[in-house]
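Report on the following structure.
The values are calculated or read from the model by the stated rules, or taken from the named source; none is laboratory data. The model shown is predicted, which means the values in this text are computed figures rather than measured ones. Every residue, glycine among them, receives a Cβ derived from its backbone with ideal geometry; neighbour counts consider all protein chains shown.
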Amino acid sequence: MHEPTVEEALARLGGVARREKLIAACGRAAVDAALTAGRLVVLARGTYAGPALDASRAAAAAVSGVLSHRTAAQAWGWGVLSDPERPDVTLPKDRRLSAERRASITMHRTDLGPDDVDGDRTSPDRTLADCLRTLPFAEALAVADSALREGYPPARLQALARDLRGPGAARARRTAALADGRAANPFESALRAICLEVDGLDVVPQVTIRDPHLLGRPDLTDVRLKVVLEADSFEWHGDRAALHRDANRYNALVAAGWLVLRFSWEEVMFHPERVRAVLEAVVAARTEQLCAGCRAA
């Protein structure tokens, strides 16, 4: 069984991860070795990122800019669906840069106010506003879910989105309305983003299922259709014992009349259209079954 490297685990957890999450994926020895070797950096107590974040800070400082968008989200300890290829850096509109400097960053031009900046990055409010306005839906949802999971107040997110004006404001309000801090990681957020585009499917993260006995807490659950979805891949079972527990849990769900769907990270990230097609077919079949049951009754 393949055990992920620290770098693989960190990427799939959004580029930022709590120590316990990394240990669960890779083992304590691998995490401690990565810290010693400088392959992990400490963002805050018990929260780690890759060394690219320090390089991003240096790139922003070199152009007298501030980290923003997804790079700022990571600096605040929030996971993202995919690491930026180059650091997101915001500069004043009139700042001039050489072609070499521009090539080292993804440049955003705006004149930030004092409340928009916190140290070397945009403030939490500004970071969320930028991500929700500009990122594709799945990317924006992953950031919003991560922010809520790490303690950003839900009411504040709703107020922030409500007060936005201009390009991307409507998109930001939709994402804020759908954000859910119960999402376990950006991978799960991406799967839920696909689900939200499927008519008739209404999934909720991390619902405890008792039918009638405790059957577990799947990643995503549609209670009406009795469908559960797992954002899954073989290496994340960690060991044979965990694989055995999961197999028993899935079998118990099926025996109780639930349909269990498992989607790999690669499928969700690179083939969302195939995931959506499967979900649409499942919704149609389960809806037909429910209707048939109603007619029989």
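Scanning segment 96-103 finds no residues that are among the polar types (S, T, N, Q) and surrounded by 14 or more Cβ atoms within 10 Å (Cβ to Cβ). Is there a residue in segment 17-37 that is at pLDDT 95 or above, basic (Lys, Arg) and under 17 Å from the mean Cα position of the chain (by Cα)? Looking for residues that are at pLDDT 95 or above, basic (Lys, Arg) and under 17 Å from the mean Cα position of the chain (by Cα), one finds none in segment 17-37, hence no. Considered as a group, the residues in segment 87-110 that are in a loop (DSSP other than H, G, I, E, B), closer than 26 Å to residue 15 by Cα and not β-branched (Val, Ile, Thr) include one that is modelled with the lowest pLDDT, and that residue is 104. The number of residues in segment 111-147 being in contact with a Leu (Cβ under 8 Å, 6 or more places away or on another chain), part of a strand (DSSP E or B) and β-branched (Val, Ile, Thr) comes to 1.
In the condition set (1) closer than 28 Å to residue 180 by Cα; (2) in contact (Cβ under 8 Å) with a residue 40 or more places away in the chain; (3) among the acidic types (Asp, Glu), residue 85 is compliant with all but (2). If you go through segment 8-58 and pick out every residue that is in a loop (DSSP other than H, G, I, E, B), buried (at least 20 other Cβ atoms within 10 Å of the Cβ) and out of contact with any Pro (no Cβ under 6 Å at 6 or more places or on another chain), you end up with 4. If the condition is being without any contact (Cβ under 8 Å) to a residue 12 or more places away in the chain and either hydrophobic (A, V, I, L, M, F, W, C) or part of a loop (DSSP other than H, G, I, E, B) (or both), then segment 167-215 contributes 170, 208, 212, 213, 214. State yes or no: is residue 227 modelled with pLDDT under 95, in contact with a Ser or Thr (Cβ under 9 Å, 6 or more places away or on another chain) and either under 23 Å from residue 9 (Cβ atoms) or among the aliphatic types (A, V, I, L, M) (or both)? So residue 227 does not fit the description; no.
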